[in-house]
Amino acid sequence: MKRIKEIVIATVIYFVTMFTLLAAVYRFLDNWDFTEFKFFIAGALVFLVAIGWGYVLSMLIFAPKKEMENTLTSLTNDIIHELNIPLATIKANSEMLKKNMEDERSLKRIQRIEDASVRLKKLYDQLVYSIHKEMHDIEKESFDLKALIVERVAVFEEQKRNPFVLDVDAYEITVDKIGFEQMLDNLLSNAMKYSSRESLITVTLHQDILTVKDEGVGMSPTELLRMHERYYQADEAQEGAGLGLALVKAYCDEENIAIRIESQKDVGTQIVLDLSKVHV
């Protein structure tokens, strides 16, 4: 918002300055004998001044932004380098320990360490993505949503928590793929978080409509009204920062995806996405 305001102010200043200059040139030519040569000279001078003044204003506006982007890019690269090393170390050593361990309790503890490192890697990827998104426009790409759903559900099934039922058709969309994957992960994660371990999670995709349905705690009408607020959690006993559905809603608004939440207390929740406007 601040950047847009700066551009608008600079544009107004630019056009007011150029209008004033053109008025002065017109008055000058009107008071002195007007000739084609004088008009050509005056026009050339105005053109040069316009280029120079436009360059000065653009540098004043965009130079700090460029400097900030370079700083953030350097910081991102440092984060990528520094985090990759310990994550790789944790993974390699935990795999070696599992090979030499037979005690079931110790193996479970090692597995928890591996699961935590996977979550940390996911958070790290989200951080890098968010930084890049702030600095540059993310290119949209076309892909088969069915393949992505199958892939992400398989990742969550590795946690051996909730059973999943998939009923999805092949369906191609064009969106920010990384953002869509994060949004889908939030929906699946929430469905698991607010359900018992044995309850079913159903994912369907038919005729432009993607649905994620759980049989969990559900939400009251009051809770539904607040679900898109950042940091709000319907169940404060659950872990998390309360950002899930707020980020889902923000992404859907950016991609022009209509979202509807249907929920009933102690019955479950159903998230419905209308993908018709991003369908290829």
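Each value in this text was obtained by applying a stated rule to the coordinates, not by laboratory testing. This structure is a prediction, so every number in the text was calculated from the model and none was measured. All Cβ positions, even for glycine, are placed from backbone atoms using ideal geometry, and neighbour counts span all protein chains on display.
Per-structure values
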| quantity | calculated |
| --- | --- |
| Which listed pairs, of Lys133/Lys193; Lys160/Lys193; Lys122/Lys160; Lys160/Lys249; Lys122/Lys177, have C-alpha distances above 24 Å, in listed order | Lys133/Lys193; Lys160/Lys249 |
| Nitroxide proxy distance, nm - points 7 Å out along Cα→Cβ at Asn100 and Ser276 | 6.1 nm |
| Surrounding net charge for Lys91, when Lys and Arg each add one and Asp and Glu each subtract one, Cβ distance under 12 Å | -1 |
| Amide H contacts under 5 Å for Lys265, placed H, 5+ residues apart | Met219 |
| Karplus 3J(HN,Hα) series, Hz, for segment 180-196 with 6.51 cos²θ - 1.76 cosθ + 1.60 (x for Gly, Pro) | 5, 4, 5, 4, 5, 4, 4, 5, 5, 5, 5, 4, 6, 4, 9, 10, 6 |
| Amide H contacts under 5 Å for Ile257, placed H, 5+ residues apart | none |
| Note, ³J(HN,Hα) from phi for segment 245-259, Karplus 6.51, -1.76, 1.60, rounded to Hz, x at Gly and Pro | 6, 5, 5, 4, 4, 4, 5, 4, 5, 5, 8, 6, 9, 6, 10 |
| Mean Cα-pair separation over length for segment 141-278, i.e. relative contact order, pairs under 8 Å, 6 or more apart, % | 24 percent |
| Residues listed by number, segment 196-218, amide nitrogen under 17 Å from Glu172 label point at 7 Å toward C-beta | 207-208 |
| Extension gain, Gln111 back to Asn84 (0.36 nm per residue minus Cα-Cα distance, nm) | 7.8 nm |
| In order through segment 142-149: 3J(HN,Hα) via Karplus (6.51 cos²θ - 1.76 cosθ + 1.60), integer Hz, x for Gly, Pro | 9, 7, 7, 5, 4, 4, 5, 4 |
| Segments 89-101, 177-189, 141-153 sorted - mean Cβ within 10 Å per residue, highest first | 177-189, 141-153, 89-101 |
| Radius ratio Rg over Rh of segment 118-160, counting only Cα atoms, Kirkwood formula for Rh | 1.07 |
